[in-house]
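**Student:** First the structure, which I've put down as structure tokens, then a few questions once you've had a look.
The values are calculated or read from the model by the stated rules, or taken from the named source; none is laboratory data. If you're wondering where the values come from, they're calculated on a predicted model, not measured in any experiment. Backbone-built Cβ (ideal geometry, glycine too); neighbour counts: all protein chains shown.
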Amino acid sequence: MSFKNISTKGFVGFVPHCLDIKERPELNIFPRNVLFADHGTRNGKNVMGDALYEPDLESYSRKRNRCSMKYHNVDGGNHWLVIKYDFLEKRYQGEKFVNGKSVGQAFGQEWNMFFVHITMLGLSVGERCKFEEIGLFIENA
């Protein structure tokens, strides 16, 4: 299913864990995966949609003081994320592509804030994702 016809109610952000591959320590500055999500209403029901991106370990490259790796949407489609790291500037850069077109990017030096900002991009129209109906959580006083 792709993301469209949703009336969104806000944004969500996620902070992933680092990769931890003993045989490939150069990859440990990258996330294990990246999750994008949005919540809102569809046909009068509360829904949450998410798209999970997993690393393409073979796409890792390093040129001088910069490295990068590509992540692909597990639900398929022509959707990917590129994460780059600059060792001199100690800075991350991420750019998300949906149907081959850039839909947003983020920069940051600190892991947590960088991933909050990149995942706050949420879902994009045409992006493959999974939806599920969610209930309202009302807390009693």
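**Student:** Quick one: which residue in 130, 90 is within 15 Å of the chain's Cα centre (by Cα) and loosely packed, with under 14 Cβ neighbours inside 10 Å?
**Tutor:** Working: 90 fails: within 15 Å of the chain's Cα centre (by Cα).
Result: 130 is the single residue among 130, 90 that is within 15 Å of the chain's Cα centre (by Cα) and loosely packed, with under 14 Cβ neighbours inside 10 Å.
**Student:** Further, regarding this structure: Across the stretch 51-91, what is the number of residues that are among the hydroxyl-bearing types (Ser, Thr, Tyr) and touching a residue at least 24 places away in the same chain (Cβ under 8 Å)? Lay out the reasoning, then the answer.
**Tutor:** Here is the first cut: in the stretch 51-91, the ones among the hydroxyl-bearing types (Ser, Thr, Tyr) are 53, 59-61, 68, 71, 85.
The next check asks that each one be touching a residue at least 24 places away in the same chain (Cβ under 8 Å); those that pass are 53, 60, 71, 85.
The total comes to 4.
**Student:** Moving on. Here is a check on your reading of the model: is residue 135 under 15 Å from residue 34 (Cα atoms), at pLDDT below 95 and out of contact with any Cys (no Cβ under 9 Å at 6 or more places or on another chain)? Reasoning before the result, please.
**Tutor:** Working: under 15 Å from residue 34 (Cα atoms): no; at pLDDT below 95: yes; out of contact with any Cys (no Cβ under 9 Å at 6 or more places or on another chain): yes.
Considered against the rule, which asks whether it is under 15 Å from residue 34 (Cα atoms), at pLDDT below 95 and out of contact with any Cys (no Cβ under 9 Å at 6 or more places or on another chain), residue 135 comes out as no.
**Student:** Being farther than 20 Å from residue 122 by Cβ, part of a loop (DSSP other than H, G, I, E, B) and among the hydrophobic types (A, V, I, L, M, F, W, C), is that true of even one residue in the stretch 44-66?
**Tutor:** No; the residues of the stretch 44-66 include none that is farther than 20 Å from residue 122 by Cβ, part of a loop (DSSP other than H, G, I, E, B) and among the hydrophobic types (A, V, I, L, M, F, W, C).
**Student:** Sticking with this one: Would you be able to say whether some residue in the stretch 93-100 is β-branched (Val, Ile, Thr), in contact with a strand residue (DSSP E or B) (Cβ under 7 Å, 6 or more places away or on another chain) and part of a helix (DSSP H, G or I)? Step through it out loud before you land on a result.
**Tutor:** From the stretch 93-100, those β-branched (Val, Ile, Thr) are 98; that's our starting set.
When the remaining residues are screened for being in contact with a strand residue (DSSP E or B) (Cβ under 7 Å, 6 or more places away or on another chain), the result is 98.
Then drop every residue that is not part of a helix (DSSP H, G or I), which leaves none.
There is no residue in the stretch 93-100 that is β-branched (Val, Ile, Thr), in contact with a strand residue (DSSP E or B) (Cβ under 7 Å, 6 or more places away or on another chain) and part of a helix (DSSP H, G or I).
**Student:** A follow-up question, please. Looking at this structure, is residue 70 touching a Leu at 6+ places or on another chain (Cβ under 6 Å), under 20 Å from residue 13 (Cα atoms) and basic (Lys, Arg)?
**Tutor:** Values: touching a Leu at 6+ places or on another chain (Cβ under 6 Å): no; under 20 Å from residue 13 (Cα atoms): yes; basic (Lys, Arg): yes.
Against the criterion (touching a Leu at 6+ places or on another chain (Cβ under 6 Å), under 20 Å from residue 13 (Cα atoms) and basic (Lys, Arg)), residue 70 does not qualify.
**Student:** Could you go through the stretch 70-91 and let me know if any residue there is among the charged types (D, E, K, R), at pLDDT 95 or above and on the phi > 0 side of the Ramachandran plot.
**Tutor:** Yes; the residues of the stretch 70-91 include at least one that is among the charged types (D, E, K, R), at pLDDT 95 or above and on the phi > 0 side of the Ramachandran plot.
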